[in-house]
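S.K.: Submitted below is the structure of interest, expressed as structure tokens.
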Amino acid sequence: MTAIKESSTIQENKQYALETCPVTFVMEKIGGYWKPIILYHLSNTTLRYSELKRTIPTITEKMLIQHLKQLEADGLVIREAKPVVPPFVTYKLSNAGIGLLPIIDAMAAWAFKVKDGIYNI
């Protein structure tokens, strides 16, 4: 992987957008294909890694691990590891993650309306 030049115009523009546009800020945190799906499945429960993988069977292990780490680093997901053998790790939404639930719920409600033909796309 190549290093990102911190003083590049693209990085300055990205930083400016993150600071001035709230939608850009949110998309930086939950953007991409898998993050909203992970948040949706954690919306009402605490899940172990294997349970989360089972609920999203099409995600690869690499992508699930990568996105869980990013969501944890962004403060949206809490990872709890219990000191037992074998390891017992659970994931749940943080308060900030819970704050995103109205957005995730609105996305799901919109999808159901499109599927039911209420909205024509």
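The values are calculated or read from the model by the stated rules, or taken from the named source; none is laboratory data. Since the model is a prediction, treat every value here as computed from it, not as a measurement. No Cβ is skipped: glycine too gets one built from the backbone with ideal geometry, and neighbour counts run over all protein chains shown. Heads up: the accessible areas ignore ligands, DNA and RNA and are worked out on the full protein's heavy atoms, side chains in. Shrake-Rupley method; radii C 1.70, N 1.55, O 1.52, S 1.80 Å.
S.K.: In Å², what does the accessible area per residue of the chain work out to with a 1.4 Å probe?
M.R.: For the chain, the per-residue accessible area is 71 Å².
S.K.: Moving on. Taking the Cα of Glu51, stepping 7 Å toward and past its beta carbon, and measuring to each backbone N in segment 89-121: which are under 16 Å?
M.R.: Only 89-94 pass the distance filter.
S.K.: Considering only Cα-Cα distances, which of the following residue pairs are longer than 22 Å: Lys35/Lys92; Lys62/Lys92; Lys29/Lys113; Lys29/Lys92?
M.R.: In this structure, Lys29/Lys113 exceed 22 Å between Cα atoms.
S.K.: OK, next. Please give the length that would be gained between Met27 and Glu61 if that part of the chain were fully extended, namely 0.36 nm times their separation in residues minus their C-alpha to C-alpha distance (nm, one decimal).
M.R.: Difference between extended and current length: 10.0 nm.
S.K.: For the chain, set up a Gaussian network in which alpha carbons nearer than 10 Å are linked by springs, and say which option among Leu18, Leu52, Leu76 fluctuates the most.
M.R.: The residue that fluctuates most here is Leu18.
S.K.: So, one more: Over the Cα atoms of segment 1-99, what is the Rg over Rh ratio if Rh follows Kirkwood?
M.R.: Taking Rg over the Kirkwood Rh, I get 1.05.
S.K.: If you stretched the chain out fully between Ile121 and Lys92, how much longer would it get, using 0.36 nm times the residue separation minus the C-alpha to C-alpha distance?
M.R.: Stretched fully, the Ile121-Lys92 segment lengthens by 7.0 nm.
S.K.: Keeping all protein chains in place and using 1.4 angstrom, which order do Trp34, Trp110 fall into by accessible surface area, from largest down?
M.R.: Solvent-accessible surface, decreasing: Trp110, Trp34.
S.K.: Rg to Rh for segment 67-108: what is it, with Cα atoms only and Rh by Kirkwood?
M.R.: 1.10
S.K.: Rounded to the nearest 20 Debye, what is the dipole magnitude of the chain about its Cα centre when Lys and Arg each give +1 and Asp and Glu each give -1 at the C-beta?
M.R.: Here the size comes out at about 400 debye.
S.K.: Moving on. Let me have the relative contact order for the chain, percent, based on Cα pairs under 8 Å that are six or more residues apart.
M.R.: In percent, rounded to a whole number, it is 21.
S.K.: Return the carbon/sulfur percentage of the accessible area of segment 34-121, one whole number, probe 1.4 Å, all protein chains in place.
M.R.: About 60 percent, which is the carbon plus sulfur part of the accessible surface.
S.K.: Computed FRET efficiency, Cβ-Cβ of Ala111 and Lys69, R0 30 Å: what is it to the nearest 0.05?
M.R.: Taking R0 as 30 Å, the efficiency between Ala111 and Lys69 is 0.65.
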